[in-house]
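Note sheet for the following structure.
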Amino acid sequence: MWRNTPTAFGLTTRLLHWLMAGLIVALLVLGTVLVRIQPDLSTLWLYGLHKTLGLCALVLAFARLVWHRISPPPAPTGPPNQWANRAARAAHVALYLLMLAIPLSGWIASSATGLDVVIFGQITLPAIAPTSEALENAGFAAHSVLTKLLMALLLTHIAGATLRGLKHDGTLRRITKGS
Amino acid sequence: MRHLLMLLTLCAGPVWAAPASYSLQPEASVVGFETDFGSDKITGQMPITRADLTLDFKNVSASRVAVTLDAAHADASFPFAAQAMKGPKVLDSKDFPQISFVSTSVKSKGDGAEVTGKVTIRGVTKPMVMQAMIWRQKGTEAGDLSHLTIRLTGAVNRSDFGAVGWSDMVGDQVRLDILARIVRAE
Ligand code: HEM
């Protein structure tokens, strides 16, 4: 039930998938809100929330990669060399890279400001970059560009999944219901 | 302030005849500051390291003020603000742990005085004008000028000193309110 099988996604992978989906959508919305508001005392907590959720997303991305070493996910449905499967594979690799690079760039840029990165309102994370304005600007620029890329990729990912859902080839069902 | 009896710096009396030097009571003195943060304010305090004052109540313009502040131990109303303020993009207190002010002229004005001088922040020196008021400390006898309370107010624009960090979020003008308790040197 928890583990993946050669044809089905186990509950662990499915929970990770949907938990991260929710988290990432929330982070994309929250991040976009953050750069548009004028910060003051009443909105400062939103930065903390964004960093907290972002760090959770990073931890879950690592957990998912580790879990898929322990319990490999099933191969795509249909012939492996089908162009759609190759495209999906490339999109998934890119999604994983972004799920690591985006929170890391946020953490690096936040560290480079010289301010403590505090999550859950109390845990101060170690600074993973020296205080540097150049690094801060580069980090936030990367964070901004990579999140736009993620948005585009997510739309593609959702479009692909929807098309497969309409074809009833079992791809959508196995990540939702299991098999 | 009602319990403090205001001294009119203009009325000269025999006890006030000579310029007298004063030193700071650091534990009873504080530099308060305030700046805008969106629709809110960031407030905070900075310890005074040293203050040397020569006050001449008869000839106000002969008065001198020199104050050194301990920027490295400044505190602000929330932790991020204190960290941001002391960091390299604002006060850079690691390289510039002190802020200093030296008067160049003192003029009596209204009930108090106007102190013009030079302030050094982040190693950059700029002119600054502060308004001063002086009172006898609570519990002293009328005419006893051995213990005084001096309040200096003024403002600086941090961009003048290159302290421009977070200027998209935090105001440029920093308003200062210094309350120093001083004792006359015997
Ligand atoms: C998967 C995780 C994350 C996602 C999807 C995400 C998404 C976003 C987005 C969409 C923005 C707006 C970017 C823009 O339009 O310029 C943003 C801004 C921001 N993010 Fe993240 N983020 C994540 C993780 C993190 C982490 C872990 C941190 C810090 C520890 C962080 C810190 C920030 C900060 C401080 C901003 C505001 C940048 C600014 O004011 O210029 N983010 N994020």
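The values are calculated or read from the model by the stated rules, or taken from the named source; none is laboratory data. It should be emphasised that the depicted structure is a prediction, and the values quoted were computed from it without experimental measurement. Glycine also receives a Cβ, built like all others from the backbone with ideal geometry; neighbour counts cover every protein chain displayed.
Numerical summary
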read-out	value
Subset tally (residues that are within 14 Å of chain B (Cβ to nearest Cβ) and either part of a loop (DSSP other than H, G, I, E, B) or within 11 Å of the ligand (Cβ to nearest atom) (or both)) for segment A:126-137	7
Number of the condition not met by A:Ser42 [criteria: (1) touching an Asp or Glu at 6+ places or on another chain (Cβ under 9 Å); (2) modelled with pLDDT of 95 or more; (3) of a type in the set (Ser, Thr, Tyr)]	(2)
Test: B:Phe101 is crowded, with 16+ Cβ neighbours inside 10 Å, assigned to a loop (DSSP other than H, G, I, E, B) and in contact with a Gly (Cβ under 8 Å, 6 or more places away or on another chain)	no
Within segment A:75-118, considering residues that are over 18 Å from the mean Cα position of the chain (by Cα) and among the β-branched types (Val, Ile, Thr), the one farthest from the other protein chains (Cβ to nearest Cβ)	A:Thr77
Subset of segment B:39-57 (residues that are farther than 20 Å from B:Lys86 by Cα and either surrounded by 17 or more Cβ atoms within 10 Å (Cβ to Cβ) or touching a Ser or Thr at 6+ places or on another chain (Cβ under 6 Å) (or both))	B:Ala51, B:Leu53, B:Thr54, B:Leu55, B:Asp56, B:Phe57
Filtered residue count, segment B:121-175, keeping only those that are in contact with a helix residue (DSSP H, G or I) (Cβ under 9 Å, 6 or more places away or on another chain), within 24 Å of B:Ala18 (Cα to Cα) and assigned to a strand (DSSP E or B)	1
Subset of segment A:85-107 (residues that are more than 20 Å from A:Thr32 (Cβ to Cβ) and in contact with a Gly (Cβ under 9 Å, 6 or more places away or on another chain))	A:Asn85, A:Ala87, A:Ala88, A:Ala91
Top-ranked residue in segment B:55-97 [being among the polar types (S, T, N, Q) and in contact (Cβ under 8 Å) with a residue 40 or more places away in the chain; ranked as nearest to the other protein chains (Cβ to nearest Cβ)]	B:Ser63
Among residues of segment A:96-125, those that are near the ligand (Cβ under 9 Å from one of its atoms) and in a strand (DSSP E or B), counted	3
Qualifying residue in segment A:104-122 (condition: surrounded by fewer than 16 Cβ atoms within 10 Å (Cβ to Cβ) and under 30 Å from A:Pro6 (Cβ atoms))	no
Unique match (being of a type outside the set (Asp, Glu), surrounded by fewer than 16 Cβ atoms within 10 Å (Cβ to Cβ) and away from the ligand (no atom under 15 Å from the Cβ)) among A:Val145, A:Val59, A:Val93	A:Val93
Enumeration of residues in segment B:32-54 that are within 22 Å of B:Ala18 (Cβ to Cβ) and in contact (Cβ under 8 Å) with a residue 40 or more places away in the chain	B:Ala51, B:Leu53
Residue selected from segment A:148-172 under the condition within 21 Å of A:Tyr96 (Cβ to Cβ) and of a type in the set (D, E, K, R), by the criterion farthest from the ligand (Cβ to nearest atom)	A:Arg164
Residue within segment A:29-50 that is of a type outside the set (A, V, I, L, M) and more than 16 Å from the ligand (Cβ to nearest atom) present	yes
